[in-house]
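All remarks here apply to the structure that follows.
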Amino acid sequence: MYERGGKVWTGDNGWGLVFLEKDWDNSRLPQDLVEEAGLLATNFQLLEDSERGKLAGYISKEDTISFIVDTQEIANHAKNISVFLACEANDWLSNEGIENNTWKLSQNPEGLSILDISIKEIGLGNKFSFKYKTSDGTWLHPPDFIPCREEKILGASNFIFSKNRTGKDIFRFEIIESSDLSPVKKWASLRPKNMGFSQGANCGKFRLFAPRAQSVNLIFEKHSGEHSSIAMSMGSDDVWEITTEIDLDTQAYLYEVTHAFKGRNKSHFTKKILDPYAKACVGRDGPGLLITENKNESPTKDQFVAPEAKDMVIVEAHIRDLLQNAPYDLTNSERLGFEGLKKWLSSEDCYLRKLGVNTIELQPVQQFDARSKKEYHWGYMPVNYFSPAAEYSSCPTKSHQEFEDLIKALHEAGIAVVLDVVYNHMGIPNHLLNLDREIYLKTDSLGRLTNHSGCGNDLECEAGPVKQLIIDSLKYWVKHFKVDGFRFDLGELLGIELLKEIETELRELNPRIVLIAEPWSFRGRLPEKMNQTGYSLWSDRCRESLLSFVKGEGDQIENISALIKGKLDHENLFPWQSIHYNESHDDYAFIDRIATGVPNGGMQPNQTAVKEAQLAMAILLLSPGIPMISAGQDFLRSKKGIRNTYQNGDVNALDYRRLSQFENFATEIRSLIKFRLSTRGQFTRPSTFQDCYYENISMIENDTLGMKIRHKSSNEEFLFLCNPTKKKLLLSLPDDWKKKELIFPSSIEITETSYLEPSEYRLLVRKV
């Protein structure tokens with residue numbers, strides 16, 4: 001299977017080159033990389049051996065390497081000179097000099113200088129560095145745009161030989177540039193309505209916004225395998241549309257879009273495109289699937305009401321990570337998606353039920369760019385914003401219904417559903433790129449795609465058509481699937497104005513809609529005035545402050561005191577505007593960060609690391625704001641010290657054996673969650689900063705923390721104490737706390753004279 005990776009180079013002659021990490025062994029041309037570079041392309045051609053050799057410095061067949069230098073390059077340098085191969089096998093020519101013909105290249109009839117030598121003879125293995133030197137002592141450097149080079153020191157680079165790159169790794173392609181010079185500003189403010197497929201009595205209407213296309217055809221694919229094509233017409237609103245009868249045998253469809261372009265031999269470019277508004281699809285390439293509604297069947301009413309923002313406790317989870325090792329009777333197919341999770345939820349022993357959270361944040365379920373059902377994928381490379389991922393369904397035609405059933409099952413379990421959505425960039429194939437690059441994607445002053453997402457492109461979220469696409473898709477998930485909210489990946493790229501419009505539109509459908517944003521991108525952070533909206537923002541301050549505090553790194557008392565008061569993120573107007581967490585999908589597992597330097601790290605943490613993790617979780621779950629834990633964090637999930645595990649399915653899969661291995665830890669976390677959601681624990685869930693009273697108390701050590709807390713409507717006062725130091729401390733309670741009750745930790749008894757061990761905490765309560 002071809003893996004994404006390599007490099008795209010573009011020249012100024014209408015051609016470009018694709019350099020792959022290894023030889024090409026796939027029937028699909030390397031369009032993916034070209035699209036990632038923001039280009040349209042055609043006429044892919046594998047380079048001839050001689051052409052490839054002149055760029056990479058070699059070609060190889062079986063066990064023989066042909067080292068190649070373009071003779072013209074030598075001639076341009078000087079006449080009547082020779083060129084020699086230099087590498088570790090000849091000590092880079094430093095001892096032998098350049099008179100040894102063993103390493104001398106000879107001219108062939110094609111005008112190239114070549115040296116054929118076996119891999120065994122050179123004796124440097126399957127990967128090594130090399131370079132060329134002329135007889136007058138001049139080094140010949142490799143081109144700076146090729147990936148098979150290394151730069152040891154500034155200005156001195158070498159070629160790299162790899163057995164995986166023998167000559168079938170470089171493609172030439174024609175670069176397509178639009179010949180339509182119509183300014184895109186003409187359409188930037190438009191808000192095209194009623195896009196995609198809509199069902200009539202015995203017919204269907206299809207609408208596609210591609211105002212600069214030359215022509216658009218609707219392609220039908222029937223169950224029988226037959227195809228038909230119908231030309232669409234441009235309407236007065238610059239939307240291509242057609243109303244046609246829908247054959248009951250019709251299942252799938254695509255749009256065939258033709259654009260004018262600047263090319264050598266053609267005047268147009270045609271591409272089959274998945275409908276951006278398709279409600280279901282077969283996979284990343286399409287086709288889209290027709291979802292029809294039975295008008296005689298009344299929809300099932302979902303009476304579930306999501307908790308208020310202040311009352312949420314969130315678990316972030318990936319469907320396959322939950323299911324791969326789930327201790328429940330599931331088929332291999334069920335462990336891949338929606339049906340398996342729905343089935344497991346029917347059991348009272350389901351992990352999510354026993355954890356006790358009231359909200360789940362699902363990593364992306366909108367159709368992403370997996371190349372097969374078996375490929376592990378986090379979902380953050382979307383190709384369609386309306387379709388539930390076909391890879392999570394038993395079959396693509398059932399994805400819509402199976403996801404709907406899963407939402408119902410979660411609601412029946414008392415769990416609200418927040419979807420992690422990615423409206424800042426597109427995956428591959430980039431159907432919007434092929435639909436209209438300039439309208440849908442953000443470009444710089446030179447016409448290149450911007451990349452503030454770090455994923456190759458950014459959506460043009462200031463354009464009307466893009467805004468409408470995003471809002472239409474969000475409203476669809478609320479209306480048709482009854483999801484309870486959204487978390488916006490790299491929300492800064494959407495911009496505050498679009499985020500505010502989203503809030504307005506969605507609250508008309510559901511006044512309790514949950515809105516969460518990741519407040520940063522590689523461009524910057526959302527402005528402070530986001531606190532005037534109903535969004536809650538991820539708090540990286542919480543993550544880093546907790547880690548430093550429990551590990552005793554730096555003075556964090558002030559930050560942790562602020563966290564316990566809900567005021568760590570000082571720009572917030574309300575406590576619930578912060579999502580507090582210390583682990584998420586794209587972080588290290590928290591136990592791995594704590595157990596750095598411990599033998600086997602987080603996989604087998606020592607008691608000190610476990611106590612530090614428990615202290616951090618206690619502070620997290622007893623503090624105002626919205627706590628979010630990563631699935632498995634309650635039983636010290638480890639990712640083997642790897643940070644970015646987006647391709648590591650086995651590493652990400654939850655190991656439920658750790659529930660028994662760290663039973664006391666897991667029990668304590670679940671007890672903390674239960675307490676937080678109880679009436680007694682209301683001081684952890686204030687609506688405003690004025691709902692609770694706080695008083696810092698003096699402790700023996702400056703690095704320790706003690707705080708009295710009382711909710712204004714309660715007749716109980718709580719005392720929270722913690723010791724992040726490495727010292728055992730005598731616990732001296734205030735005089736008015738002689739009559740008290742210990743709530744946490746539940747495994748410890750408190751006496752008149754007791755101690756706070758290193759990394760221990762206490763939550764006490766008394767009547768007032």
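Every number in this text was worked out from the coordinates using simple rules, so none of it is lab data. All values reported here derive from a predicted model rather than from experimental measurement. With ideal geometry, Cβ positions are generated from the backbone for all residues, glycine too; neighbour counts draw on all protein chains shown.
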Per the 1/(1 + (r/R0)^6) rule, R0 = 30 Å and r from the Cβ atoms of residue 727 and residue 604, FRET efficiency to 0.05 is 0.70
Equivalent ellipsoid, the range 179-534 (semi-axes from 5 times Cα gyration tensor eigenvalues, Å)
33, 25, 19
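Quick one: plug the Kirkwood hydrodynamic radius of the range 589-648 (C-alpha pairs) into Stokes-Einstein at 10 °C, 1.306 mPa s, and report D in µm²/s.
Details: Rh = 12.1 Å.
D, rounded to a whole number, is 131 µm²/s.
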What does the charge count near residue 444 come to, summing +1 for each Lys or Arg and -1 for each Asp or Glu among other residues with Cβ under 15 Å from its Cβ?
0
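With a 10 Å radius around each residue's Cβ, average the other Cβ atoms per peptide and rank 22-29, 83-90, highest first.
On the way: 22-29: 12.4, 83-90: 20.2.
Packing proxy ranking, top to bottom: 83-90, 22-29.
Among 350, 395, 281, which comes first, then next, by fewest other beta-carbon atoms within 10 Å? Could the numbers behind the result be given before it?
Details: 350 19, 395 11, 281 26.
Ranked by crowding around the Cβ, least crowded first: 395, 350, 281.
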Surrounding charge for residue 724, neighbours by C-beta under 14 angstrom, Lys/Arg +1, Asp/Glu -1, total -2
Note, the range 59-65: 3J(HN,Hα) by Karplus (6.51, -1.76, 1.60, θ = phi - 60°), whole Hz, Gly/Pro = x, goes 9, 9, 9, 6, 10, 10, 9
What whole-number distance in Å separates the alpha-carbon centres of the range 710-760 and the range 430-505?
49 Å
Counting each DSSP H run of 4 or more residues in the chain as -39500 (n - 2.57), what helix-only mean residue ellipticity at 222 nm follows after dividing by all residues, to the nearest 500 deg cm²/dmol?
-6000 deg cm²/dmol
What distance in nm separates the simple spin-label points at residue 91 and residue 202, each placed 7 Å from Cα in the Cβ direction?
9.1 nm
Using θ = phi - 60° and the Karplus relation 6.51 cos²θ - 1.76 cosθ + 1.60, list the HN-Hα couplings for the range 626-637 in order, rounded to whole Hz, with x at every Gly or Pro.
10, x, 10, 10, 7, 3, x, 5, 5, 10, 6, 3
Can you give me the long-range amide H partners of residue 65? Hydrogens built in the peptide plane at 1.01 Å from N, cutoff under 5 Å, separation of 5 or more residues or another chain.
117, 118, 119
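Quick check on my link table: of 500/712; 639/674; 222/373; 310/727; 343/567; 712/738, which ones sit more than 30 Å apart, alpha carbon to alpha carbon? Could you put the intermediate results ahead of the total?
Working: 500/712 32 Å; 639/674 27 Å; 222/373 22 Å; 310/727 36 Å; 343/567 41 Å; 712/738 22 Å.
Listed pairs above 30 Å: 500/712; 310/727; 343/567.
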The set of residues whose placed amide H lies less than 5 Å from the amide H of residue 759, leaving out same-chain residues fewer than 5 positions away, is 723, 725
Rounded to the nearest Å, the spacing of the alpha-carbon centers of the range 104-118 and the range 329-398 is 56 Å
Residue 48 and residue 15 label points (each 7 Å along its Cα→Cβ direction) are spaced in nm at 1.1 nm
For the range 206-215, 3J(HN,Hα) per residue [Karplus equation, 6.51 cos²θ - 1.76 cosθ + 1.60, θ = phi - 60°, Hz, x = Gly/Pro]
10, 9, 9, 8, 8, x, 9, 6, 6, 7
FRET efficiency for residue 141 and residue 372, using Cβ-Cβ distance with R0 set to 51 Å, rounded to 0.05:
0.80
Expressed in nanometres to one decimal, the distance between label points 7 Å along Cα→Cβ at residue 27 and residue 671 is 6.0 nm
Which aspartates and glutamates have a Cα lying under 15 Å from the Cα of residue 186, excluding residues fewer than 8 positions away in the same chain?
237, 238, 436, 438, 460, 462
Based on the Kirkwood radius over alpha-carbon pairs, what is the Stokes-Einstein translational diffusion coefficient of the chain at 4 °C with 1.567 mPa s viscosity, in µm²/s?
44 µm²/s
Added length on full extension, which subtracts the Cα-Cα distance from 0.36 nm per residue, residue 292 to residue 164:
41.2 nm
Go ahead and collect, in residue order, the members of the range 206-239 whose backbone nitrogen is under 18 Å from a label point 7 Å along the Cα-Cβ direction of residue 186.
208-216, 233-239
Placed amide H near residue 482: partners under 5 Å, 5+ positions off or other chain:
none
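Could you work out the local net charge near residue 757, counting Lys and Arg as +1, Asp and Glu as -1, over the other residues with Cβ closer than 11 Å to its Cβ? Display every interim value, and only then the final one.
Working: positive: 611, 726, 727, 728, 762; negative: 760.
Overall, the nearby charge balance is +4.
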Exposure proxy ranking, count of Cβ atoms within 10 Å, fewest first, for 160, 407:
160, 407
